[in-house]
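Take a look at the structure set out below.
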Amino acid sequence: MKKIILIISIVSSFIFNGYSQSPAENKELLFQRFIELYDSGDLLKAEKALLLFLESKDPLTNDQLAAGYNNLGVVSLTLGNYDKALEYNIKAESYISKNDQNSQKTADIYNNRGNILNIKKTYDVAKEYLEKSIRIYQNLGTSDRNVFNSLSAAYINISIAYNETKKYPEALSYLEKNVKLNSRFKISNLSLTYLNIAKTYVKLGITKKAEEFYIISTSSFRDESGEYYYRLAEVYYDYGLFLRSAGKVNEALFAHNRALLICIRNYGVKHTLTSLAYKHVGDDYMSQDKIDSALSYYQKSLIAVVKGFNNPNIFTNPSIDSSLFDIRLLDNLKSKAQALESFAGELKDTMMQRKAAVKSLETIELAIQLIDRIRNNYMSEESRIYLAENEKETYLFAAHLAYKLYSLKKDKATAYRMY
């Protein structure tokens, strides 16, 4: 048996049996190539190797297919292709037999699915799958280190779901369980656990403890994996937000630029996490009233999250049909629209002021189109409710922009756009 576990906030497993009895050398070489490419960080080539393996003419067992698609879901998740990740994850489960419903491979699939659903903001459904995975891991009654690694990842994932639904004591409880598990069995999730503890303390308003755990998490990741480890970007994202909220804007900008550097180095310029890093830097500049710089970074954030869009001109917008992640694109469009409104207010030239105001309204209207599409595509009623509750301000802001533009132009068409 050969197995690979890819754990931090995601878990993936791959199982091979009986190579000495099967002429499956090509399959084995493809899988070994996948491991090497994934470990080296070349995710696109790793994905291709795994797809070639799954398309192999040599027959695969159901166990191998389940694990293969679970791995493919992990790669898609890391690449930011969240819909594909969920599709592969569901396909992985379809190869699980009735006799294996309570096995580690099933728990790993549920664990991954919970993580994907967290990212897609379907938190209640995510919790259901993560609770299932935790029950299975705990009932296995084994001392296998791989099971403890998977259980640790599930604790982190479910703490995220509780955090995002404002159930902070429950989140902290799972994270404290994870500290004990990590300390007892010497597994490698402590750095990420410390990060999530810091984020929970932020939500609870315990700032001194939050800063302490951000620093511990950063140092721990650096010591374990080096300055450019991809998980460090997540630490710098959140630490930067914490610093900005404390009024330490220059320190926040430094942290977010570190995150941006790490993302570009690990993922390239076209990736949802790179897009998020650009947006955070733009937000830092907005908090300093450096609107030109903010708009430049918001435009870069749009470029990073939309395939085929590369125009740095702040008066251009991408199509919403080619985004890597709709929710990221939505956040970027809203930030850009707000920055354009502020930019218009700074301009002395009346024609340029109108141009910026028109583009601000066009940008927020594009965001509203995207909201409608996201609502129609979301899986659950809970997700649609979440979207409605969080986007009321977007509609109000659009009406506000239309009114301001009408005040400048006094035309009926703009008046109609308010409604």
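The values are calculated or read from the model by the stated rules, or taken from the named source; none is laboratory data. Computed from a predicted structure; not experimentally measured. As a convention, Cβ positions derive from the backbone with ideal geometry for all residues, glycine included, and neighbour counts pool all protein chains shown. All accessible areas refer to the heavy atoms of the entire protein, side chains included, with ligands and DNA or RNA removed. Shrake-Rupley method; radii C 1.70, N 1.55, O 1.52, S 1.80 Å.
What value, in deg cm²/dmol to 500, does the helix sum -39500 (n - 2.57) over DSSP H runs of n ≥ 4 give at 222 nm once divided by the residues of the chain?
Theoretical 222 nm ellipticity from helices: -25000 deg cm²/dmol.
What FRET efficiency, computed as 1/(1 + (r/R0)^6) with R0 = 41 Å and r the Cβ-Cβ distance, is obtained for K209 and I90, rounded to the nearest 0.05?
0.55
Which of the GluC sites (Glu not before Pro) found in the range 123-192 are in a DSSP loop and have at most 11 neighbouring Cβ atoms, other than their own, within 10 Å?
none
With a point put 7 Å past each Cα toward its Cβ, work out how far N377 is from S319 in nm, to one decimal.
1.4
Let me spell out the model: positive unit charges on the Cβ of Lys and Arg, negative unit charges on the Cβ of Asp and Glu, origin at the Cα centre of the range 70-177. What dipole size does that give, in debye rounded to 20?
40
Can you give the FRET efficiency to the nearest 0.05 for L51 and R222, using r as the Cβ-Cβ distance and R₀ = 25 Å?
Using R0 = 25 Å, I get an efficiency of 0.15.
Could you sort out which of K199/K270; K84/K121; K300/K392; K120/K359 sit more than 22 Å apart by Cα distance in this structure?
Table pairs above 22 Å Cα-Cα are K199/K270; K300/K392; K120/K359.
Please go through the range 132-212 and write out the trypsin sites (Lys or Arg not before Pro) that DSSP classes as loop and that have at most 10 other C-beta atoms within 10 Å.
Qualifying residues, ordered by number: K166, K186.
Using a simple spin-label model with points 7 Å from Cα along the Cα→Cβ vector, what separation in nm is obtained for T142 and D58?
Those two pseudo-labels are separated by 2.4 nm.
M286 accessible area, nearest 10 Å², 1.4 Å probe?
50
Hey, what angle do you get for helix 145-164 against the long axis of the chain, alpha-carbon based, 0 to 90 degrees rounded to 10?
In the chain, helix 145-164 runs at an angle near 20 degrees to the longest axis.
In the range 186-257, which GluC sites (Glu not before Pro) fall in coil by DSSP and have 11 or fewer other Cβ atoms within 10 Å?
E227
Let a ≥ b ≥ c be the square roots of the eigenvalues of the Cα gyration tensor of the range 42-134; is it rounded (a/c under 1.5), or, if not, prolate (a/b larger than b/c) or oblate?
oblate
Would you mind putting 113-123, 54-64, 76-86 in packing order, based on average other-beta-carbon counts within 10 Å, highest first?
Top to bottom by mean Cβ count within 10 Å: 113-123, 76-86, 54-64.
Using the beta-carbon distance between Q288 and K166 and R0 = 35 Å, what value does 1/(1 + (r/R0)^6) give for FRET efficiency, to the nearest 0.05?
E(calc), rounded to 0.05, equals 0.70.
With unit charges on the beta carbons (Lys and Arg positive, Asp and Glu negative) and the dipole taken about the Cα centre of the chain, which residue among S245, L175, I197 sits farthest to the positive side?
In the chain, that residue is S245.
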